[in-house]
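Below is one structure, written out as structure tokens; comments come after it.
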Amino acid sequence: MSDVPSTVPTLIALRQLLRGRYRSLLLVAVVLAACAFVITRGIHNGEFNFNTDETIHASTGLYFADFLRDLPLRHPLQYTFRYYAQYPALGVLHWPPIFHMFEGLAFLLFGSTVAVARATILMFALLGIYFLFRLVEYVENRLAAIIASLLFAFFPLTLLFEKVVMLEIPALSLAIGAIYFWIRYLKEERKADIYRFAFFACAALLTKQTVAFLIPVCVLAAVLTKRMTQIFLQKTTWYVAAVCGVVLSPYYLALSHFHGAALAKSVEATHPITLLQRATFYWRALPGQITWVVLALSVLGIVTYCARKEWEKLAFAMAWILGCYVTLTPIGFQAPRFIIYWLPAWAWLAAVPFTVSLGRKVPRTLQTAAAIVLLSAQVLWALSYERPSVTGYGSAARRLVSMAKSGYVLFDGPLPGNFIFFVRASDPSRRIGVLRKALYVTMLIKDEGSEELVHGFDGIRNVLAADGVRYIVVAENTPTSFPVQQTLRDLLHKDHQFRLRAVFPVRGCDPIRPDTFLAIYENLEAGGAAAPYLHVKMLTTRQDLDVPLGTLGPPPYSFNVSRR
């Protein structure tokens, strides 16, 4: 009986500890549930179209799903070349592989659908919101964490990328995790934190190259908090840096060797701008990214930190903002979406004024009410937001697959990656291939380089005969960039060799016009392929591809793919 009184304080302390821990878990769970509810609204509506890159990310996910299904470990390069020839909408080298691997795994487990691709983005978005909550809770408090997390989740730019299949949210979410563990390492110097930092930093850099902003962010955070010497003289820091270099080098060396020139052109400035315009671009874009109200609150948060002389907290937030700015401003091609990575820091600063005691003149309930009004307005706007998408490509692809027995189909129109995605998703036996580069080829952007491969009616007929093309799918009432595109449409409209089989209206956002439709034509004189190889002209890599025309279908293949 004498042991009972001594155990009571211990039990009380344990109960209080668990209560505090579980209260935090409950709060972050509520925040994540609210964000998931808003982000998933309309998740089944429409198809891929954002910036055309979205269509490539979706198709690349299908490649990884097939790779995991087939496991061509003895000949992965040949497998990839052959796959690209059949489904020419891959970003395997242009973008790092982490997101596409997760997307491919999701396709493998749950099916190759638009909703599954968007749900993969949702999982990354929730991961980023979780880490931002933890970071702000660690530096400030739970109230600030709730406000910052919800503000960030429903910023106009953030919400856009939470609803489209792009790499910004996966890369940013992993980067937030890395920054969270780096700040913990700076403050507590625990080895476990720098190991976790390294894991998330490597994962982020293997999701998108622009996450290189982590390097100046980490250095600035160490410098501004006067821990530069303390941290970078430790052997652990350099061991971890060396391991990161080993993990990252295979992809980045391959990128530099095979695709470096194309990637360099893709980030060059498309229009000449002055140094002042370049230096101020992202600052001028900031109000549109976070709204003027939140920008004013963020400035007030900076002032609050200064007034309270909380220099360390201010240093962490400003290192994040300045690290993003100095990394992305020198890149020639500037767009507001590229600097999405600094938005969590602005949300963090905007939450600070709501957590400061202003004395009896401003009751705490008034601050709480203001926060509720602000967040409610953000949520209501987010609920009314419609994701950019198109419709019509999926229906056309499914109809085509039901009509065609096997062989290559010629496609000409905007968003070819969207069409290719649905052809592959609707064709489990992989008996249909898509010709996207038969008439002309371009670099990632047409202005960076292009080449017309075929001229006149006879040139088109020769391509159709050489590759054994029975079905042609074209987008009607769309602008064309090459003379051969209009020549193809004239041939289909005038020559009795081609018969219109089906029409599918296309609705959606740019670059789709209101009267656009996809038309499926049948080549009544189609026979077997006259050429033994399908020649794929490549401008983004050093060599072209020649793939045997008889290799359609699932593995095994006789891999005699050549690169000329």
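The values are calculated or read from the model by the stated rules, or taken from the named source; none is laboratory data. This structure is a prediction, so every number in the text was calculated from the model and none was measured. Ideal geometry is used to build each Cβ from the backbone, glycine not excepted, and the neighbour counts take in all protein chains shown.
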task = Filter the helices (runs of 4 or more DSSP H) completely within region 415-514 down to those with at least 3 residues that are in contact with a strand residue (DSSP E or B) (Cβ under 8 Å, 6 or more places away or on another chain), under 28 Å from HIS259 (Cα atoms) and hydrophobic (A, V, I, L, M, F, W, C).
result = 416-425
key: Selection within region 486-523 - surrounded by fewer than 17 Cβ atoms within 10 Å (Cβ to Cβ), among the aliphatic types (A, V, I, L, M) and within 17 Å of TYR408 (Cβ to Cβ)   = none
message = Which count do you get for residues in region 287-307 that are of a type in the set (Phe, Trp, Tyr) and either over 19 Å from ALA377 (Cβ atoms) or not assigned by TED's automatic domain parsing to the domain that holds ALA351 (or both)?
response = 1
note = When (1) crowded, with 22+ Cβ neighbours inside 10 Å; (2) assigned by TED's automatic domain parsing to the domain that holds LEU27; (3) in a helix (DSSP H, G or I) are applied to ARG82, the one that fails is (2)
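Being assigned to a helix (DSSP H, G or I), farther than 27 Å from VAL211 by Cα and among the aliphatic types (A, V, I, L, M), is that true of even one residue in region 317-325? I'd like the intermediate steps shown before the answer.
Applying the first criterion (assigned to a helix (DSSP H, G or I)) to region 317-325 yields 317-325.
Next, only the ones that are farther than 27 Å from VAL211 by Cα stay: none.
Within region 317-325, none of the residues are assigned to a helix (DSSP H, G or I), farther than 27 Å from VAL211 by Cα and among the aliphatic types (A, V, I, L, M).
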request  = Could you name every one of the helices (runs of 4 or more DSSP H) located completely within region 93-209 that has at least 3 residues being in contact (Cβ under 8 Å) with a residue 24 or more places away in the chain and farther than 28 Å from ASP70 by Cβ?
outcome  = 114-139, 142-153, 156-163, 168-188, 191-205
query = So is THR52 on the phi > 0 side of the Ramachandran plot and either touching a residue at least 12 places away in the same chain (Cβ under 8 Å) or touching a strand residue (DSSP E or B) at 6+ places or on another chain (Cβ under 7 Å) (or both) or not?
reply = yes
Failed criterion for LEU400 (all others in (1) touching a helix residue (DSSP H, G or I) at 6+ places or on another chain (Cβ under 6 Å); (2) more than 27 Å from PHE131 (Cβ to Cβ); (3) not basic (Lys, Arg) hold) = (1)
note = Within region 388-412, residues buried (at least 23 other Cβ atoms within 10 Å of the Cβ) and either touching a Ser or Thr at 6+ places or on another chain (Cβ under 6 Å) or in a helix (DSSP H, G or I) (or both) come out as TYR393, ALA396, ALA397, LEU400
ask   = Hey, among LEU73, LEU77, LEU68, LEU105, which residue is in contact with a helix residue (DSSP H, G or I) (Cβ under 6 Å, 6 or more places away or on another chain) and surrounded by fewer than 22 Cβ atoms within 10 Å (Cβ to Cβ)?
value = LEU68
query = Can you spot a residue in region 212-235 that is among the aliphatic types (A, V, I, L, M), over 18 Å from ILE179 (Cα atoms), free of Cβ contacts under 8 Å to residues at least 60 places away in the same chain and surrounded by 15 or more Cβ atoms within 10 Å (Cβ to Cβ)?
reply = no
